[in-house]
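Report on the structure given below.
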Amino acid sequence: MAHSEVLPLFPLPLVLFPRTPLPLHIFEERYKKMIGEAISFQSEFGVVLGKDKGIVSTGCSASVESVRKRYPDGRMDIQTWGRRRFEILELVEGEEYLRASVRYFDDASESYASAELIRQVAESFRKVCRDTNQSLDFDPDWNDAQLSFQLAQIVGDADFRQQLLTMRSEQERLERLVSYFPFHLQRFKHNEAIRERAPQNGHSKHLPVGE
């Protein structure tokens with residue numbers, strides 16, 4: 001069994017995947033300290049999905065790749081990079097920010113995806129990007145053994161992303177994406193239609209201050 005280690009935690013309303021970028025604006029004092037230590041020691045911190053009732057038990061570690069801007073009050077704009085998936089074993093006290101004893105995990109050793117499935121998901125991915133005018137901030141590595149994590153970057157549904165993060169089979173993740181992309185396209189178009197109609201509803205586009 002893999003050994004555990006203590007990892008600082010950063011709860012966010014999002015899900016980070018391995019080998020994908022995540023820009024962050026750091027403004028809370030406790031996280032200024034946490035990120036400052038990660039920069040100084042070139043160490044990782046854990047990004048976990050935060051919900052109303054707490055945090056989920058599985059996340060992805062991140063490293064600080066660059067500091068894009070420092071503000072006079074200590075705030076920072078940073079670029080981070082997803083590293084390793086982990087499961088939380090128990091929370092650890094002693095700091096003003098969350099920490100936990102975690103165990104890292106990866107896909108099962110026999111996990112692989114068929115060439116035909118990769119072709120299907122690539123076709124579906126390109127169609128969704130074309131029809132929604134979405135794109136990635138980087139070029140997907142089509143030879144990556146965990147290609148699914150890169151392609152899922154266009155998906156905003158945190159619960160769906162969390163499901164993918166916990167799965168230990170690339171074949172299963174890609175199958176889920178092939179099934180999900182048409183739904184993603186349908187919901188995207190529905191939300192766009194609502195946004196286009198919204199300004200026309202009601203008597204005014206602007207609410208009085210204080211209302």
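The values are calculated or read from the model by the stated rules, or taken from the named source; none is laboratory data. It should be emphasised that the depicted structure is a prediction, and the values quoted were computed from it without experimental measurement. Using ideal geometry, Cβ is built from the backbone for each residue, glycine included, and neighbour counts are taken over all protein chains shown.
Condition first: more than 15 Å from Ile78 (Cα to Cα) and part of a strand (DSSP E or B). Now tell me which residues in segment 47-57 satisfy that. Can you show your working first?
Our first condition is that a residue be more than 15 Å from Ile78 (Cα to Cα); within segment 47-57, this holds for 48-57.
Correct list: Val48, Leu49, Gly50, Lys51, Gly54, Ile55.
Of everything in segment 1-30, what is outside any strand (DSSP E or B), touching a Phe, Trp or Tyr at 6+ places or on another chain (Cβ under 7 Å) and surrounded by 18 or more Cβ atoms within 10 Å (Cβ to Cβ)? Give them in sequence order.
Result: Phe17, Pro18, Thr20.
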Open item on the list: Please pick out the residue among Glu123, Glu87 that is within 27 Å of Gln146 (Cα to Cα), assigned by TED's automatic domain parsing to the domain that holds Trp142 and of a type in the set (D, E, K, R).
Closed with: Glu123
- [ ] For segment 96-104, state whether one or more residues are outside the structural domain of Met167 (by TED's automatic domain parsing), touching a Lys or Arg at 6+ places or on another chain (Cβ under 6 Å) and either exposed (fewer than 12 other Cβ atoms within 10 Å of the Cβ) or not hydroxyl-bearing (Ser, Thr, Tyr) (or both).
- [x] yes
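Might you check whether a residue that is touching a Ser or Thr at 6+ places or on another chain (Cβ under 6 Å), within 20 Å of Leu165 (Cβ to Cβ) and in a loop (DSSP other than H, G, I, E, B) occurs anywhere in segment 112-124? Write out each step before concluding.
Residues of segment 112-124 touching a Ser or Thr at 6+ places or on another chain (Cβ under 6 Å): none.
Looking through segment 112-124, none of the residues is touching a Ser or Thr at 6+ places or on another chain (Cβ under 6 Å), within 20 Å of Leu165 (Cβ to Cβ) and in a loop (DSSP other than H, G, I, E, B).
Would you mind finding the one in Ser66, Ser61 that is exposed (fewer than 13 other Cβ atoms within 10 Å of the Cβ), in contact with a strand residue (DSSP E or B) (Cβ under 6 Å, 6 or more places away or on another chain) and of a type in the set (S, T, N, Q)?
On the way: Ser61 fails: exposed (fewer than 13 other Cβ atoms within 10 Å of the Cβ).
Of Ser66, Ser61, the one residue that is exposed (fewer than 13 other Cβ atoms within 10 Å of the Cβ), in contact with a strand residue (DSSP E or B) (Cβ under 6 Å, 6 or more places away or on another chain) and of a type in the set (S, T, N, Q) is Ser66.
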